[in-house]
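Report on one structure; see the data block that follows.
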Amino acid sequence: MFEELNAFATVVEQSSLNRASKLLNLSQPALSRKISKLEDELGVSLFHRRGKRLELTSVGQVAYTFAVEQKQQQQKFLTMLSQYKDEEQSIITLGASLTTLQTTLPPLVNAFMEKHPHAELKLLTGKTHEIVSFVRDKKADVGIVASSISEAGLNCVPLFDDHLELVVPLTHPLAGKEAGMEHLQDLPMITFSKGTWYRKLTDDLFQRCTVMPDIRMEIDSFEAIIRLLPTCKAAALLPKSYLRPQLLADNDLATVHLPQLKQTRRTTCMIYGEKEDLSETSRQWVRETAAFFTTKAPLPSRRTTAP
């Protein structure tokens, strides 16, 4: 009925079937059939037909007012729908752990927003298996995880390799020296809380090397650990990617070379679903994130290419 109402309103506004048919790109007989169909559906006569002249009936005037209102509402709806689609296309939902949020995402977000200032980023946090579920279930467009993922329907792009490093205050006895795993025995340390990926990594390392540090605090924040190390005169195992030179200098910290920590090597990867399901903005994120790390350092062999 909406199509017929629009045609009816055009006839009224043009005061002529001939002019209205040209405006609507319809033949005059086709337009007449639309008006007749509308009258049949409504069960009333909309025009008095006086030769070639058409005059609105009283109920035709009511129908015209309704038709104009419907046309305005339809246009408003289409405009809102178009805006909604545009906004949806510019929103990217990312999935990442809290540790990834602190170490990997900030430079990525800064680089992307400089190029796409009107894009909107949303974030879902969780453990690796939760991030994988978010992407699989299309709750997140892209995920950044601290491991390689092999799952049907998901693309996995390696970004960079990382490993843990021993961090101590500049005044610590181990500062500036090369150490071995035996130096971690009874060493006062701050670690991540149990159940976190980093805690599992360090606990496996301690068990494998048969050492037992003196764990003084368990915290889930890189920033908090960094700030507490000098005060507590303790050590911590933190990812190399987080330990920027300026960060160490600002907090009077130093790294200790400990060769066995190469055993904690892990690959941070970007995961996403079928590229056909990604918005153009999400595809740009995937391409630019892959390029960001390609220009910084050589990457391992990839199973997929960015869309």
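The values are calculated or read from the model by the stated rules, or taken from the named source; none is laboratory data. Since the model is a prediction, treat every value here as computed from it, not as a measurement. Note: ideal-geometry Cβ built from the backbone for every residue, glycine included; neighbour counts use all protein chains shown. In case anyone asks, the SASA skips ligands and DNA or RNA and just uses the protein heavy atoms, side chains included. Shrake-Rupley method; radii C 1.70, N 1.55, O 1.52, S 1.80 Å.
Below are the figures for this structure:
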item	result
All aspartates and glutamates inside 15 Å of Lys52 as judged from Cα atoms, apart from same-chain residues fewer than 8 positions distant	none
Selected from Phe112, Phe222, Phe77 as most flexible by GNM, with the chain as the system and alpha-carbon contacts under 10 Å	Phe77
Sequence-distant lysines (8 or more away, or on other chains) whose Cα lies within less than 24 Å of Lys194	Lys127, Lys233, Lys240, Lys262
Largest-first ordering by accessible area, 1.4 Å probe, given options Ser45, Ser97	Ser45, Ser97
Segment 1-83: relative contact order as a whole-number percent, Cα under 8 Å and 6+ apart	30 percent
Translational diffusion of segment 115-247, µm² s⁻¹ [Kirkwood Rh, Cα pairs; Stokes-Einstein; 10 °C; 1.306 mPa s]	93 µm²/s
Heavy-atom accessible area ranking, 1.4 Å probe, most first, across Lys71, Lys22	Lys22, Lys71
Within the accessible area of segment 160-265 (1.4 Å probe), percent carbon and sulfur	52 percent
Low-density loop positions, trypsin sites (Lys or Arg not before Pro), segment 239-278 - DSSP coil, at most 13 other Cβ in 10 Å	Arg265
All-pairs Cα distance distribution in segment 1-83, expressed in whole percent, bin size 10 Å	18, 51, 25, 6, 0
Highest-fluctuation residue, Phe134, Phe292, Phe66 considered, GNM on the chain with Cα pairs under 10 Å	Phe66
The chain pair-distance distribution - Cα-Cα, 10 Å bins, rounded %	5, 21, 19, 13, 10, 8, 8, 7, 6, 2, 0
1.4 Å probe accessible area per residue over the chain, in Å²	55 Å²
Heavy-atom SASA rank of Val109, Val132, Val62 (probe 1.4 Å, accessible area, largest first)	Val62, Val109, Val132
Whichever aspartates and glutamates have a C-alpha closer than 17 Å to that of Lys200, once near sequence neighbours (fewer than 8 apart) are set aside	Glu130, Asp162, Glu165, Asp214, Glu218, Asp220
